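A.B. asks: Can you read through this structure? Questions will come right after.
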Amino acid sequence: MTDLQSLVAPTCDGLATLLATAPAETWDAPSLCAGWQVRHVVAHVTMPARLTPEQFGAGMAAAGGDFTAFSDTVAARDAVLPPAEHLDALRSPRLHAWQPPGGGAAGALSHAVIHSLDVTVALGRPSVAPAEAVVAVLDHLAAADGAHFGVDLTGVRLEATDTDWSRGSGDVVRADGGALLALLSGRTLPDGRALRRG
């Protein structure tokens, strides 16, 4: 069985390497997350490297228990940090070992891989996550029939073009594994493709 937690570090390190060598304006490029630039996505991904459990709890309390509102606040606040700080946070052992409450290693890997794709797919770059990490998260989301992100997979067959992964039956949606995972995560691809919401 794959050690899912061990795939978090190469995913985050890969994103750090990509951004460290990218033009400075890349940080301001739009991501697949509506309203977020690349810098906002990285600020969100790396929250566990910056916030103590106490700070997280206090922030959630201030947001009335609404994680989306809290994460939006943190992303907006921390997006302005210098790129070097973002890169250090992506490479942080603390981030690589973090697991979301109740989410375990599968949740940690999903967090790293999906948000890395929010950057790479939007930029038209190859996935920085190991292929086995992408497949593991595809399996995780497909097993829930799209429920994690409210995607309706009724009558849909997903087929990856870069691996032998496929799921479902019906109208075929074919793309590389990273793009399929972005679709399963409720994102709209740069070419306008999206899966219907449940």
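A.B. asks: Taking the DSSP beta bridges in the stretch 113-198 as the whole, what percent of them are antiparallel, to the nearest 5?
C.D. replies: Antiparallel: roughly 45 percent of the beta bridges in the stretch 113-198.
A.B. asks: How high is the relative contact order of the chain, in percent, counting Cα pairs under 8 Å that sit 6 or more residues apart?
C.D. replies: Result for the chain is 22 percent.
A.B. asks: If you count the DSSP beta bridges with both ends in the chain, what percent of them are antiparallel, to the nearest 5?
C.D. replies: Of those bridges, close to 50 percent are antiparallel.
A.B. asks: Sequence-distant or interchain residues sharing an amide H contact under 5 Å with TRP165, placed H: which?
C.D. replies: Close amide H contacts, sequence-distant or interchain: ALA160.
A.B. asks: Take each uninterrupted DSSP H stretch in the chain, measure its Cα extent along the helix axis, and return the ones at 20 Å or beyond whose mean Kyte-Doolittle hydropathy is at least 0.0.
C.D. replies: Taking the DSSP H segments of the chain (at least 20 Å long, mean hydropathy at least 0.0), we get 104-123.
A.B. asks: Report the FRET efficiency, 1/(1 + (r/R0)^6), for THR73 and ASP162, where r is their Cβ-Cβ distance and R0 is 45 Å, rounded to 0.05.
C.D. replies: 0.80
A.B. asks: Can I ask one more? Quick one: give the max-minus-min coordinate of the C-alpha atoms of the stretch 126-173 along each principal axis, largest first, in Å.
C.D. replies: 29, 21, 15
A.B. asks: Follow-up. In a Gaussian network model over the chain where Cα atoms closer than 10 Å are linked, find which of PRO83, PRO101, PRO30 has the largest mean-square fluctuation.
C.D. replies: PRO101
A.B. asks: Another question about this same structure. Where the Cα atoms of the stretch 4-184 are projected onto their three principal axes, how long is each span, largest first, in whole Å?
C.D. replies: Here the Cα extents, ordered largest to smallest, are 45, 38, 30 Å.
A.B. asks: Using Cα springs under 10 Å in a Gaussian network model of the chain, which residue among HIS86, HIS140, HIS96 shows the largest mean-square fluctuation?
C.D. replies: So, out of HIS86, HIS140, HIS96, the one fluctuating most is HIS140.
A.B. asks: Which length gain, in nm to one decimal place, applies between ASP145 and ALA61 when the Cα-Cα distance is subtracted from 0.36 nm times their residue separation?
C.D. replies: Using 0.36 nm per residue and subtracting the Cα-Cα distance, I get 27.1 nm.
A.B. asks: Can you compute the helix-only [θ] at 222 nm over the chain? Use -39500 (n - 2.57) per DSSP H run of at least 4 residues, normalise by all residues, nearest 500 deg cm²/dmol.
C.D. replies: Counting only the DSSP helices, I get -15000 deg cm²/dmol.
A.B. asks: Once the other residues with Cβ under 13 Å from the Cβ of ALA133 are scored (Lys, Arg +1; Asp, Glu -1), what is the net sum?
C.D. replies: -4
Read-outs throughout are calculated quantities, based only on the coordinates presented, and are distinct from any laboratory measurement. In this text the structure is predicted, and so the values were computed from the model without any measurement. Every residue, glycine as well, gets a Cβ built from its backbone with ideal geometry; the counts of neighbours run over all protein chains shown.
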